[in-house]
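Remarks on the structure that follows.
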Amino acid sequence: MRELPAAARMYIGCAALAAALCAAPAVRLGAAAPWTGALALGALHGLCERMRRCPLTDGPARQSTGPDATPGTFPPGWATPVVLAGSFLLPPSLAVLVAVPGALLTPAARPWPVARRVWHTAELALAAWTAAQVFRTAAPAAPAAAPFPELLPPALAAAGAFCAVLVALGGGVLVLAERHPVRTAWRGPAARLPVPHLVHGLTGLMMAVLWHSVYGPPAALLVLLPVHLSCWASAQYQRERAAHQATVRALVQAVDLKDRYTRGHSERVGRASVLIARELGMAEDRLEVLRFAGILHDVGKLGVPTRLLRKDGPLTPQERRIIELHPEYGHEIVRGIGFLGEARAAILHHHERMDGSGYPYGLTGHHIPECARVVAVADAFDAMTSTRSYRRARPVPAAVAELRRCAGTQFDPRMVRALAAALDKHGWRPDQVTADEQRAPDPVPAGRGNVPPARAHRPGAGHGAAR
């Protein structure tokens, strides 16, 4: 196990000391302080953190014991509204104590589980103290006395301060303990945390207002019910999405193992398909479907004899007809995978041509599904810009020029324009290089993908930028 760097140990120790100093004034508050509320909220926070591991809410994921086992149903920090409610209801020193039980009970990952638990407790305590200070400074009165609308700006300011402390402290520990680059350590948390914490602030304010209402603290607990259900639904969605990703990844790996010539091609076609779809202004849900379509467009190769996929010499007309069955094989393979949606049509029709000379059904123009027209352009572009063992890659400008030359006959001109515009904005930086791509090209006369017509010498090869 790696040793925690000395600088990180000092950083965590200083944060823990600062949290202890923030909590120290509580001993001078006396019996008149709201100790009962602090103890109740602290116990509630701890209980909520333990509920992430409750078998009644974790479902089947808790039965998994492998390396990818899900540690709990709810994401870390789902009980933050309880901590923020404490910051709105209690003096800052007592608000610190509300954060401690749940932070200590949160599961700590390896390495350094003890250090992680101490760190999480310290940063959460400091964030709660800061939020309480901001709220007490900005609020016109206590939650029991002020109208709800007047408390909204102070509560949002306090939630923002809570988030800012977590981002600032978290970036430092990433640099010192995990060796993250300084320029990126704060970027991810700063983009990911603000919105959830503003929502947590509103929820915590509702708890605080109900806590002092005529219905009392039990009514405040009801606020956690929609939070509980929301987190449960989010976790279920993430689990389902992870299963989808695993299914797609397994199919792609099977294709890559079978056809070594196009290893990595599927992922790049998925990325190029998303570039086109985003340039066309498609909805976010369709972007995910187009990515799946690009990644799985060649899954039908699993049904093609391996000797044909790996044949070094020219294909005979009969062999070519067998390879041209791969879109139909692919469609049959994914027919029962419901989450793919229109991606199944792209898998079936990505070799159709606008002029009707493509396969498997010879569709023309807009009779070809839109998603298939997107994948066709992405497929051809990556095939031309990838170095294979039997030919060299074309430069990106040359590949785009070839796509434009074939627009209207082979490719949808709208998709070609979208790809060209996206490449002008974002460039093309393929980050997956295979061993085949690193080898010097062999003088093999046959192509294995969407190659320019001048390089395709197989009997029966069609004209255009792609087979």
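The values are calculated or read from the model by the stated rules, or taken from the named source; none is laboratory data. Since the model is a prediction, treat every value here as computed from it, not as a measurement. As a convention, Cβ positions derive from the backbone with ideal geometry for all residues, glycine included, and neighbour counts pool all protein chains shown. What goes into the accessible areas is simple: the full protein's heavy atoms, side chains included, and nothing from ligands, DNA or RNA. Shrake-Rupley method; radii C 1.70, N 1.55, O 1.52, S 1.80 Å.
Residue separation of Glu178 and Leu225 scaled by 0.36 nm, minus their Cα-Cα distance, works out to 13.3 nm of gained length. Does region 87-229 classify as rounded, prolate or oblate by the C-alpha gyration tensor (a ≥ b ≥ c root eigenvalues; a/c under 1.5 gives rounded; else a/b over b/c gives prolate, otherwise oblate)? Prolate, since a/c reaches 1.5 and a/b exceeds b/c.
Which value does Rg/Rh take for region 129-172 over its C-alpha atoms, Rh per Kirkwood? Using Cα coordinates only, the ratio equals 1.08. Around the amide H of Phe411, modelled in the peptide plane, lie the amide H atoms of Met354, all under 5 Å away and 5 or more residues distant in sequence or on another chain.
Derived scalar couplings between HN and Hα for region 205-213 equal 5, 4, 4, 5, 5, 5, 4, 9, 7 Hz in order, rounded to whole Hz, by the Karplus curve 6.51 cos²θ - 1.76 cosθ + 1.60 (θ = phi - 60°), x for Gly and Pro.
Note that region 222-371, at 20 °C in a medium of 1.002 mPa s, gets a Stokes-Einstein diffusion coefficient of 126 µm²/s from its Kirkwood radius over C-alpha pairs. What's the FRET efficiency of Ala32 with Ser213 using the Cβ-Cβ distance as r and R₀ = 25 Å, to the nearest 0.05? So, using R0 = 25 Å, E works out to roughly 0.70.
Label-to-label distance, Arg414 versus Leu47, with points set 7 angstrom from Cα along the beta-carbon direction: 5.7 nm. Our estimate of slack between Leu39 and Arg392, defined as 0.36 nm per intervening residue step minus the Cα-Cα distance, is 120.1 nm.
If the cut-off is a Cα-Cα distance under 28 Å, which lysines reach Lys258, setting aside same-chain residues fewer than 8 apart in sequence? Hits, sequence-local ones excluded: Lys301, Lys311.
Rounded, prolate or oblate, given the Cα gyration tensor of region 363-413, with a/c below 1.5 counting as rounded? In terms of gyration-tensor shape, prolate.
Is the shape of region 163-280 best called rounded, prolate or oblate, per the rule: a/c under 1.5 gives rounded, else a/b larger than b/c gives prolate, else oblate, with a ≥ b ≥ c the square roots of the Cα gyration tensor eigenvalues? Prolate, because a/c is 1.5 or more and a/b exceeds b/c. Of interest is the spacing of the C-alpha centroids, which for region 112-174 and region 316-385 amounts to 54 Å.
Rounded to the nearest 0.05, what FRET efficiency do Thr306 and Leu198 give with R0 = 60 Å and r taken as the Cβ-Cβ distance? Could you check? After rounding to 0.05, the efficiency reads 0.65. Taking 0.36 nm per residue of sequence separation and removing the Cα-Cα distance, the Leu152/Leu104 pair yields an extension gain of 14.3 nm.
Ligands, DNA and RNA are left out, and with a 1.4 angstrom probe the accessible area of region 68-180 is 37 Å² per residue. Among the trypsin sites (Lys or Arg not before Pro) in region 329-416, those located in a DSSP loop and surrounded by at most 16 other Cβ atoms within 10 Å of their own Cβ are Arg335, Arg392. Computed over region 313-407, the quotient of the alpha carbon radius of gyration and 2.2 N^0.38 Å is 1.18. Spin-label model, Glu284 to Leu21: label points 7 Å out along the Cα-to-beta-carbon direction sit 4.2 nm apart. Here the simple spin-label model places points 7 Å from the Cα toward Cβ, and for Ala254 and Leu325 these points are separated by 1.7 nm.
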